[in-house]
1. Going through the stretch 128-157 one residue at a time, which ones are surrounded by 14 or more Cβ atoms within 10 Å (Cβ to Cβ), of a type outside the set (Phe, Trp, Tyr) and over 18 Å from residue 172 (Cα atoms)?
2. Could you say whether any residue in the stretch 69-80 is closer than 18 Å to residue 164 by Cα and touching a Ser or Thr at 6+ places or on another chain (Cβ under 6 Å)?
3. Mind listing just one residue for me: the one in the stretch 58-81 that is in contact (Cβ under 8 Å) with a residue 40 or more places away in the chain and part of a loop (DSSP other than H, G, I, E, B) and, of those, surrounded by the fewest Cβ atoms within 10 Å (Cβ to Cβ)?
4. For the stretch 171-204, how many residues meet the condition of being hydrophobic (A, V, I, L, M, F, W, C) and at pLDDT 85 or above?
5. Looking at the stretch 8-57, which of its residues are touching a residue at least 12 places away in the same chain (Cβ under 8 Å), in a loop (DSSP other than H, G, I, E, B), open to solvent by 10 Å² or more (accessible area, probe 1.4 Å) and β-branched (Val, Ile, Thr)?
6. Tally the residues that are in a helix (DSSP H, G or I) and either β-branched (Val, Ile, Thr) or under 22 Å from residue 71 (Cβ atoms) (or both), restricting the search to the stretch 186-202.
7. Filter the stretch 214-271 down to the residues that are part of a strand (DSSP E or B), over 18 Å from the mean Cα position of the chain (by Cα) and closer than 22 Å to residue 60 by Cα and list them by number.
8. When the stretch 81-105 is examined, which residues are found to be under 16 Å from the mean Cα position of the chain (by Cα) and either of a type in the set (Phe, Trp, Tyr) or farther than 24 Å from residue 164 by Cβ (or both)?
Amino acid sequence: MSGNDSYGGLTSNSRSDSNMLVTVNPNTHTVLMTSIPRDYYETIQCGDTDTGLACPQDERDKLTHSGLYGIDTTEKTIEEFLDITINYHVRVNFSSLTNLVDALGGIDVFVEEGLAVEQFNADWSLQGVTEGWNHLDGKRALAFARERYAYTDGDAQRVKNQQIVIQAMISKIASPEMITRFGDFMDALSGAFETNMSSDEILSLVRYEFTFFPDWQFESYALVGSTSSAYSPTLGDYADVMLANLDSVQVAHDKIQAVLDGKSSTTVSDTIDENNIEVIEDSQNQVVQDPGYVTDPYAGYDYSQDYSTDYYTEDPNQYYTDGVNGDVYPEDGTYSEDIYYDEQYAY
């Protein structure tokens, strides 16, 4: 499941900001959700879609950039580094998630202690979430799935929120209540996502659900890594990336295989060595390892001209520049995590 960072229709490609593998075993009624960080720095495997862009085949880049070259590029890239086969793909965006949740009559999510959010950074006009059960309409569900600045764990908690939203949606679809909402839901599905599943396959899943109402068991896993900086061929510049933890990649592969084999993913140990981080030589022939610029943004960089840091807000037409040029970025934490150092370009 690829979540694009865009509103409106799905006719254009954009960054794949959310990437979740959903492994479904209908015999054991097990659903494993495996989330992959958007900044994972992996070797791009170009798909067959002609996007008009020069896809950086066999070059390292952020996983989110793979979406710019089509969903099949994201799919092939993930298949390569996880050593798995993906049978189907589904691509959604902000608008389609909102519409689907509303067609379901909203969803119920449980917020653990200490994770309440007074207001969502994605949309300050919306009420946040409180500890315990919360009923969310489409807009609040989207904001909850996008939230990261309110959490100490940032993107790691956002990944968990996305898994919570998907699980809540599946649970609502799988409830007897959906019989009365079936027409609205099917209407919302029209144009809500892009998939390579056939209409017959989708209808077969729907019939299976409403015939047997299986008791689905949800399991989850999220890959981890180490923050660093590396060259992005898509940007033509250095960017924030995440270097994969090799143990985490192996655990993800083994958990997926366990579910396919009729077992629970919990039979695979989550134990990893936090220091087993992949070491990469980028296209500039420099060893990519965390340069320490997490605390010192300009460490390890030597520029012959002045440079600044551009922070984009949720409004794609608005950004703020840091004190290098005398401007001030917002102190409220509403800027994005994508930070690039270049005199002329901001991404």
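The values are calculated or read from the model by the stated rules, or taken from the named source; none is laboratory data. Predicted, not measured: the structure shown is a model, and the values here were computed from it. All Cβ positions, even for glycine, are placed from backbone atoms using ideal geometry, and neighbour counts span all protein chains on display. With ligands, DNA and RNA removed, areas are computed over all heavy atoms of the protein, side chains included. Shrake-Rupley method; radii C 1.70, N 1.55, O 1.52, S 1.80 Å.
1. Correct list: 128, 129, 143, 146, 147, 148, 150, 155, 156, 157.
2. Within the stretch 69-80, none of the residues are closer than 18 Å to residue 164 by Cα and touching a Ser or Thr at 6+ places or on another chain (Cβ under 6 Å).
3. For the stretch 58-81, the residue satisfying everything is 59.
4. Within the stretch 171-204, the subset hydrophobic (A, V, I, L, M, F, W, C) is 173-174, 178-179, 182, 185-186, 188-189, 192-193, 197, 202-203.
Okay, now just the ones that are also at pLDDT 85 or above, so 197.
Within the stretch 171-204, residues that are hydrophobic (A, V, I, L, M, F, W, C) and at pLDDT 85 or above number 1.
5. The answer is 28, 49, 51.
6. The qualifying residues number 6.
7. Answer for the stretch 214-271, where residues must be part of a strand (DSSP E or B), over 18 Å from the mean Cα position of the chain (by Cα) and closer than 22 Å to residue 60 by Cα: 228, 229, 230, 231, 232, 237, 238.
8. 94
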